[in-house]
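Q: The structure under discussion is supplied below as structure tokens; questions concerning it will follow.
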Amino acid sequence: MKESDAAHLQFLLARIQHLSDEHWHAFTSSRRAMDDHAWVGGASSRRFAAELERNDAALHAALRRALQLVQDELHRPLL
């Protein structure tokens, strides 16, 4: 890996980590409100809570995956 490639990957890793730190809890307050039954409305509120939970899990998975991909590339042995 060229030094410029490694520097670019380091920049990407730092940027992804910053975005992860900034947005990790994007759905947390809404999820907590749903958990505390702050929202009422029968089936529609339960569907919304389930969708919120899925979106929260998907966000966390995507952020972890992005970080892992760049870290793996940085640590990949030269061929």
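Q: May I ask you to list the residues in the range 1-21 that are hydrophobic (A, V, I, L, M, F, W, C) and closer than 18 Å to A62 by Cβ?
A: Applying the first criterion (hydrophobic (A, V, I, L, M, F, W, C)) to the range 1-21 yields 1, 6-7, 9, 11-14, 16, 19.
Of everything in the range 1-21, those that are hydrophobic (A, V, I, L, M, F, W, C) and closer than 18 Å to A62 by Cβ turn out to be L12, L13, A14, I16, L19.
Q: Which number in (1) part of a helix (DSSP H, G or I); (2) in contact (Cβ under 8 Å) with a residue 12 or more places away in the chain; (3) of a type in the set (A, V, I, L, M, F, W, C) marks the one condition that F11 misses?
A: (2)
Q: Being loosely packed, with under 12 Cβ neighbours inside 10 Å, under 18 Å from the mean Cα position of the chain (by Cα), modelled with pLDDT of 80 or more and hydrophobic (A, V, I, L, M, F, W, C): is that true of A14 here?
A: yes
Q: Which residues, counting only those in the range 24-76, are over 19 Å from F11 (Cα atoms), among the basic types (K, R) and out of contact with any Leu (no Cβ under 9 Å at 6 or more places or on another chain)?
A: First, pick out the residues of the range 24-76 that are over 19 Å from F11 (Cα atoms): 24-61.
Of the ones still in play, those that are also among the basic types (K, R) are 31-32, 46-47, 54.
Passing the criteria: R32, R46, R47, R54.
Q: Right, something else. Assess whether A26 counts as being in contact with a helix residue (DSSP H, G or I) (Cβ under 9 Å, 6 or more places away or on another chain) and assigned to a loop (DSSP other than H, G, I, E, B). Reasoning before the result, please.
A: Values: in contact with a helix residue (DSSP H, G or I) (Cβ under 9 Å, 6 or more places away or on another chain): yes; assigned to a loop (DSSP other than H, G, I, E, B): yes.
Spelling it out, A26 is indeed in contact with a helix residue (DSSP H, G or I) (Cβ under 9 Å, 6 or more places away or on another chain) and assigned to a loop (DSSP other than H, G, I, E, B).
Q: Turning to a different aspect of this structure: Across the range 29-44, which residue is surrounded by the fewest Cβ atoms within 10 Å (Cβ to Cβ) among those that are among the aliphatic types (A, V, I, L, M) and outside any helix (DSSP H, G or I)? Reasoning before the result, please.
A: First pass over the range 29-44, keeping only residues among the aliphatic types (A, V, I, L, M): 33-34, 38, 40, 43.
Checking which are outside any helix (DSSP H, G or I) leaves us with 38, 40.
On the way: A38: 10, V40: 7.
Applying the filter and picking the extreme gives V40.
Q: Right, here's the next one. Yes or no: the range 45-63 includes at least one residue that is outside any helix (DSSP H, G or I), on the phi < 0 side of the Ramachandran plot and at pLDDT below 85. Step through it out loud before you land on a result.
A: Start the filter on the range 45-63 by keeping residues that are outside any helix (DSSP H, G or I), which leaves none.
Checked against the condition, which is being outside any helix (DSSP H, G or I), on the phi < 0 side of the Ramachandran plot and at pLDDT below 85, the range 45-63 yields no hits at all.
The values are calculated or read from the model by the stated rules, or taken from the named source; none is laboratory data. The shown structure was predicted, so the numbers you read here are calculated from the model rather than taken from an experiment. Quick reminder, even Gly has a Cβ in these numbers, built from the backbone with ideal geometry, and neighbours come from all protein chains shown.
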